[in-house]
Amino acid sequence: MNAPARDQGASGYRIAIVREIIDPAAVLALVRDPADGAVLLFLGKVRDHAEGRRVGGMRYEAYQPMAEKELNAIVEEAARQLGTDRIVVVHRVGDLAVGEVSVAIAVSSSHRGEAYQASRFIIEEVKKRLPVWKQEQYADGEAAWVQGQTLEAIEDAR
Amino acid sequence: MQVRSLFFAAYRDAMGTGTLDVDLPEGATVGDLVSSIRSRGAPFNRLPKAPAVAINHEVMRGDARLTEGDEIAFLPPVAGG
């Protein structure tokens with residue numbers, strides 16, 4: 001991921017869904033703020049096994065426009081509830097190898113409490129709400145979509 | 001009216017396509033669209049009877065009404081992160 005440069009102290013969260021490898025240092029650099037005393041980085045990555053089978057990689061797919069909109073909404077909720085908008089979330093799609101980063105969440109805040117809360121809230125909501133799917137590519141050549149969580153309509157029917 | 005259906009992940013694999021344009025009578029609902037797609041027979045009858053859907057990027061219920069040009073995405077259970 002080619003992270004754009006950011007001025008120290010600039011505010012505003014940002015999100016992205018990318019195909020390129022995620023560079024954790026670039027994500028961290030985006031949340032730097034001299035007024036903050038805590039910075040937390042969460043990385044989700046592809047593990048080499050699933051229910052006893054060896055996994056060689058993971059294919060991620062997103063409904064991109066909706067995923068961007070939903071990720072924006074999640075981060076906005078976290079920012080509003082926890083009072084820090086120094087948040088960057090990057091989710092990767094495409095074919096990932098074992099050990100590669102699928103999602104990075106960086107939060108910077110005055111104190112550590114809000115950073116831990118925001119980071120945890122965001123990853124749990126991402127798993128529940130983001131229209132993203134992943135397919136395990138097994139070492140034996142087979143592949144299977146990972147069983148996920150069913151999306152529920154929260155709005156009334158129009 | 002015509003609407004566009006999108007299938008993702010396991011649904012796309014099952015349908016053999018990611019996109020399907022469907023003609024429906026005015027006032028049709030998401031449920032009517034699902035019935036219309038399933039009535040085409042194999043492989044389209046593999047779409048669940050009540051799948052999660054988003055209309056124009058918003059998750060909606062099966063009784064939501066459709067309008068001309070809507071984009072209806074059929075969303076298998078999600079597994080991001």
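The values are calculated or read from the model by the stated rules, or taken from the named source; none is laboratory data. Not measured: the values here are computed from a predicted model. Virtual Cβ from ideal backbone geometry, glycine too; neighbours counted across all protein chains shown. Quick note on the areas: whole protein, heavy atoms, side chains included, nothing else; ligands and nucleic acids left out. Shrake-Rupley method; radii C 1.70, N 1.55, O 1.52, S 1.80 Å.
Quick notes
- For the pair A:Ala73 and A:Ala50, label points projected 7 Å from Cα toward Cβ lie 2.6 nm apart.
- At a probe radius of 1.4 angstrom, the accessible area of the stretch A:85-158 per residue rounds to 46 square angstrom.
- Comparing the full protein assembly with the isolated chain, the residues of the stretch A:35-71 losing at least 20 square angstrom of accessible surface (1.4 Å probe) are A:Glu61, A:Tyr63, A:Pro65, A:Met66, A:Lys69.
- Accessible-area composition of the stretch A:36-155, carbon plus sulfur, in percent [1.4 Å probe]: 46 percent
- Relative to the dominant Cα principal axis of chain A, helix A:112-129 is inclined by about 40°.
- The accessible-area ordering, largest first, of the residues B:Asp13, A:Asp36, B:Asp21 stands as B:Asp13, B:Asp21, A:Asp36, per a 1.4 angstrom probe.
- Surface burial for A against B, with a 1.4 Å probe and both sides summed, reaches about 2600 Å² of accessible area.
- Taking every residue in A:140-151 and counting other chain Cβ atoms within 10 Å of its Cβ, the average works out to 4.
- Computed over the alpha-carbon atoms, the stretch A:53-121 gives an Rg to Rh ratio of 1.06, Rh here being the Kirkwood radius from the mean inverse distance.
- Shielding by other protein chains, A:121-130, mean Cβ within 10 Å: 2
- Spin-label proximity, A:Val146 to the stretch B:55-79 - amide N less than 13 Å from point 7 Å beyond Cα toward beta carbon: B:78-79
- Measuring heavy-atom accessible area with a 1.4 angstrom probe and counting protein chains only, the residues of the stretch B:54-81 that give up at least 40 Å² relative to the chain alone are B:His57, B:Glu58, B:Val59, B:Met60, B:Arg61, B:Leu75, B:Pro77, B:Val78, B:Ala79, B:Gly80, B:Gly81.
- Among B:Ala10, B:Ala64, B:Leu24 - extreme Cα towards positive end, dipole of chain B, charges at beta-carbon: B:Ala10
- Computed magnitude of the charge dipole of the stretch A:14-148 (debye, nearest 20; Cβ of K, R +1, Cβ of D, E -1): 140 debye
- Within the same chain, aspartates and glutamates fewer than 8 places from A:Lys134 are excluded, and of the rest, those with a Cα less than 18 Å from its Cα are A:Glu20, A:Asp48, A:Glu51, A:Glu61, A:Glu68, A:Glu70, A:Asp95, A:Glu100, A:Glu124, A:Glu125, A:Glu142, B:Asp13.
- Expressed as a whole percent, the accessible surface of chain B that belongs to carbon and sulfur atoms is 46, based on a 1.4 Å probe.
- A convex hull fitted around the alpha carbon atoms of the protein assembly as shown yields 130 Å³ per residue.
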